[in-house]
Amino acid sequence: MSDRTSNRIFDIVNVTFITLFVIFCLAPFLHTIAISLSSNRAITSGEVTIFPKEFTWDAYGQVFSDSSMIYSLGFTLFLTVVTTLLCMVFTIAAAYPLTKKNLKGRKLFMYIIIITMFFSGGIIPEYLLIRDLHLINSIWALILPGLVSPFNLIILISFFRGIPESLEESAEIDGSSHVYTLFKIILPLSLPVLATLSLFYAVGRWNGFQDSLMYINDPKLYPLQLKLYQMVQNNMVSELTLMEGANRTRLTPESLKAATVIFATVPILLVYPWLQKYFVSGAMQGAVKG
């Protein structure tokens, strides 16, 4: 068998495998969309697969008419933006000094950071700490515990180490301070990894609900994922179907759940196209450099 034939067979198998993998990944998402756009009769009779049956917007109408859901979406957007910004500031502030060979205790700090990736105090000690810090029912309970990810920190340290030292040495000769060098030289060269880590932090915060489940009792501080979790966990229709002036047609719990899932998923999906060009290069460069 010639090399050309072998390469063609490999390409066919590779494309087939990737296509099947994409279908398996998309099928649940398409099924959820189909349920959210299908009628009660089609859902209860099990006719819905990946295409809507008896198309209707009723479920989305109920979701968008719920003011608490819209408020939760706005709060989650605000929480995600603030968390991502603070996480990146503290990650950069920790990563840059740890790249300096003359930093005393650098190896000890690195060992401590790595240990936290494998061991933690557990949920109960963490809850007691948040309680003793008087952060229960506070937005800071959703931000401070995950302010710096050891995994993301190590990626950023590896990327910074891959930047030629001659650039910093030249800046020092010209009288540049470490802060000026960081903002004018290091960070502009690190846009791919910064965008990638920002995406990691944003997606992690957007999808998080366990911390809010433990620390938040005030409905005004409910992230969108917590409201979705409560709806799915309780397996019941919320007050959406009983609102004043709303369509009195009773919707199935599945249709409302599906509509809420799509409602909570689409905003973060819209971020990916803007950061896609940085994603692969940033993750790979940060993983292999240094």
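For the reader, a short list of remarks on this structure follows.
- Residue check, N152 modelled with pLDDT of 90 or more and outside any helix (DSSP H, G or I): no
Okay, residues lined up against (1) at pLDDT 85 or above; (2) crowded, with 16+ Cβ neighbours inside 10 Å; (3) more than 22 Å from the chain's Cα centre (by Cα); (4) of a type in the set (A, V, I, L, M, F, W, C):
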position	(1), (2), (3), (4)
L77	yes, no, no, yes
V81	yes, no, no, yes
L85	yes, no, no, yes
F90	yes, no, no, yes
A95	yes, yes, no, yes
L98	yes, yes, yes, yes
R106	yes, no, yes, no
T116	yes, no, no, no
I123	yes, no, no, yes
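- On the stretch given as the range 6-53, residues that are exposed (fewer than 10 other Cβ atoms within 10 Å of the Cβ) and either basic (K, R) or in a loop (DSSP other than H, G, I, E, B) (or both) total 1.
- In the range 106-149, the residues that are small (G, A, S) and not in a helix (DSSP H, G or I): S120, G121, G122, S138, S149
- Cβ-Cβ under 6 Å pairs, at least 6 apart or on other chains, the range 67-85 side more than 24 Å from L147 (Cβ to Cβ) and of a type in the set (A, V, I, L, M, F, W, C), far side open to solvent by less than 10 Å² (accessible area, probe 1.4 Å) and part of a helix (DSSP H, G or I): M69/V63
- Flag if L228 is surrounded by 15 or more Cβ atoms within 10 Å (Cβ to Cβ), modelled with pLDDT of 85 or more, of a type in the set (A, V, I, L, M) and assigned by the TED database to the domain that holds W140: no
- Residues that are touching a helix residue (DSSP H, G or I) at 6+ places or on another chain (Cβ under 8 Å), of a type outside the set (D, E) and outside any loop (DSSP other than H, G, I, E, B), drawn from the range 155-177: I155, L156, I157, S158, F159, F160, R161, G162, L167, A171
The values are calculated or read from the model by the stated rules, or taken from the named source; none is laboratory data. This structure is a prediction, so every number in the text was calculated from the model and none was measured. Every residue, glycine as well, gets a Cβ built from its backbone with ideal geometry; the counts of neighbours run over all protein chains shown. Just so you know, the surface numbers come from the protein's heavy atoms only, side chains and all, with ligands and any DNA or RNA stripped out. Shrake-Rupley method; radii C 1.70, N 1.55, O 1.52, S 1.80 Å.
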